[in-house]
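Here is the structure we will look at.
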Amino acid sequence: MANRSEGAPLVVSFGEMLIDFVPDVAGMSLADSGGFVKAPGGAPANVAVAITKLGGSSAFVGKFGDDEFGHMLVDILKKSGVDTDGCLFDPHARTALAFVTLKSNGEREFMFYRNPSADMLLTEKELKLSLIRSAKIFHYGSISLIAEPCRSAHLAAMRAAKEAGILLSYDPNVRLPLWPSQEAARDGIMSIWKEADFIKVSDDEVAFLTQGDPESEDVVMKLWYDGLKMLIVTDGEKGCRYFTKNFKGQIPGFLVNTVDTTGAGDAFVGSLLVSIAKDDSLFHNEEKLKEVLKFSNACGAICTTQKGAIPALPNTSMAQELIAKGK
């Protein structure tokens with residue numbers, strides 16, 4: 001077994017890991033940028049590392065090119081304490097690349113190189129189902145639904161997790177440039193919506209999926225379904241809203257000096273998954289949930305204070321410090 005945190009319940013994260021090339025000067029367009037800094041990226045992988053940084057136990061399932069970038073990424077996972085038993089290398093395809101423009105406010109635009117990249121070529125046969133079945137939580141996004149054979153592998157992995165009684169966690173992470181059209185993206189993301197036990201979406205994603213006002217509770221509740229344990233909407237620096245069967249509310253965010261929002265949602269999700277893996281009574285205990293979400297908000301905020309996702313992911317004491325300051 002790769003170096004997992006002893007005793008912590010396992011979270012298995014499924015999907016893509018890639019290299020983000022970020023302009024070395026913020027606020028530059030890709031064309032005008034003189035140089036780029038390479039940073040590991042890919043939401044499911046960021047979540048896996050966020051979990052280990054907070055003392056949790058995580059594994060990553062995905063496919064990489066058998067190239068320098070692919071081996072570099074798997075090394076980063078290993079060094080971060082993520083179990084890489086579910087990672088594979090494809091000799092015939094490259095590791096995916098993304099060029100990410102940071103606008104001056106730290107928001108991002110993406111340009112992707114995947115034609116097809118190795119992560120899209122993971123097949124159902126290659127899944128390490130024993131690893132998935134040993135998890136407490138199985139976490140995934142929607143990018144792995146865009147193309148075959150990865151889509152079928154994703155559905156098979158979800159099925160295996162569900163049959164084993166594992167909690168399913170979904171963060172759709174909408175990346176429109178990767179889908180053939182907006183409609184395809186909406187349909188693809190919603191095609192597995194009702195399988196998840198809990199879902200985290202950003203306010204922008206609520207707007208995209210419902211085509212309504214994300215601030216309206218009625219609009220958000222269009223995304224609710226019977227059987228969902230919890231829906232979380234992240235509202236950037238304003239914090240987050242939570243909805244369960246029995247209660248709902250809002251937790252304010254933290255004011256920090258934002259440099260780059262990459263990975264903030266993944267830091268939030270990783271933190272939340274560590275807490276749920278330890279204690280899934282959170283779905284029924286509002287006081288506990290509020291404490292956990294405050295901590296997750298702090299993790300998300302800290303992640304925006306430096307460039308890149310994985311280097312910016314916080315540890316527990318950093319989050320506790322920000323919360324103490326916030327009081």
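The values are calculated or read from the model by the stated rules, or taken from the named source; none is laboratory data. Quick caveat, the model's predicted, so the values are computed rather than measured. A quick note on method: Cβ atoms are made from the backbone with ideal geometry, for glycine too, and the neighbour counts reach across all protein chains shown. When the accessible area is computed, the model is the full protein with side chains, heavy atoms only, and any ligands, DNA or RNA have been set aside. Shrake-Rupley method; radii C 1.70, N 1.55, O 1.52, S 1.80 Å.
Descriptive notes on the structure:
- Set ALA153, ALA157: member being over 25 Å from LEU282 (Cβ atoms), in contact with a Leu (Cβ under 8 Å, 6 or more places away or on another chain) and among the hydrophobic types (A, V, I, L, M, F, W, C): ALA153
- In the range 164-189, the residues that are within 16 Å of GLY15 (Cβ to Cβ) reach residues that are open to solvent by less than 30 Å² (accessible area, probe 1.4 Å) and among the basic types (Lys, Arg) with C-beta atoms within less than 9 angstrom, at least six apart or across chains, in these pairs: SER169/LYS200; TYR170/LYS200; ASP171/LYS200; PRO172/LYS200.
- Single condition ALA207 does not satisfy, out of (1) without any contact (Cβ under 8 Å) to a residue 24 or more places away in the chain; (2) within 16 Å of the chain's Cα centre (by Cα): (2)
- Counted residues, the range 222-235 - those being closer than 21 Å to GLY265 by Cβ, without any contact (Cβ under 8 Å) to a residue 40 or more places away in the chain and not basic (Lys, Arg): 6
- The range 7-36, subset among the aliphatic types (A, V, I, L, M) and assigned to a loop (DSSP other than H, G, I, E, B), residue most open to solvent (accessible area, probe 1.4 Å): ALA31
- Matching option when the condition is open to solvent by 40 Å² or more (accessible area, probe 1.4 Å) and more than 14 Å from PHE198 (Cβ to Cβ), among LYS238, LYS245: LYS238
- Among (1) at pLDDT 95 or above; (2) open to solvent by 10 Å² or more (accessible area, probe 1.4 Å); (3) hydrophobic (A, V, I, L, M, F, W, C); (4) within 21 Å of LEU97 (Cα to Cα) - the single one LEU176 does not satisfy: (1)
- Search result, residues across the range 151-180 that are outside any strand (DSSP E or B), within 25 Å of THR261 (Cα to Cα) and not basic (Lys, Arg): ASP171, PRO172, ASN173, VAL174, LEU176, PRO177, LEU178, TRP179
- Selection from the range 10-44 of residues that are under 21 Å from the mean Cα position of the chain (by Cα) and hydroxyl-bearing (Ser, Thr, Tyr): SER13
- The listed residue being more than 29 Å from PRO180 (Cα to Cα) and small (Gly, Ala, Ser), out of GLY41, GLY141, GLY62, GLY56: GLY56
- Of everything listed in (1) open to solvent by less than 30 Å² (accessible area, probe 1.4 Å); (2) more than 24 Å from LEU102 (Cβ to Cβ), the single unmet condition for LYS327 is (1).
- Qualifying residue in the range 81-89 (condition: within 15 Å of the chain's Cα centre (by Cα) and either at negative phi or not hydroxyl-bearing (Ser, Thr, Tyr) (or both)): yes
- The number of residues in the range 308-321 that are crowded, with 21+ Cβ neighbours inside 10 Å and either over 16 Å from the mean Cα position of the chain (by Cα) or more than 27 Å from ILE76 (Cα to Cα) (or both) comes to 1.
- Strands (runs of 3 or more DSSP E) wholly inside the range 81-123 containing at least 3 residues that are open to solvent by less than 50 Å² (accessible area, probe 1.4 Å) and in contact (Cβ under 8 Å) with a residue 24 or more places away in the chain: 83-90, 97-102
- Taken over the range 53-75, the criterion of being farther than 11 Å from ILE310 by Cβ and either assigned to a helix (DSSP H, G or I) or of a type in the set (S, T, N, Q) (or both) is satisfied by SER57, SER58, GLU68, PHE69, GLY70, HIS71, MET72, VAL74, ASP75.
- Residue that is surrounded by the most Cβ atoms within 10 Å (Cβ to Cβ) [pool: residues in the range 186-206 that are part of a helix (DSSP H, G or I) and of a type in the set (Asp, Glu)]: GLU205
- Flag if GLY62 is of a type outside the set (Phe, Trp, Tyr), crowded, with 24+ Cβ neighbours inside 10 Å and touching a Cys at 6+ places or on another chain (Cβ under 7 Å): yes
- When residues of the range 212-237 are limited to those that are under 16 Å from ILE251 (Cβ atoms) and among the charged types (D, E, K, R), the one modelled with the lowest pLDDT: GLU237
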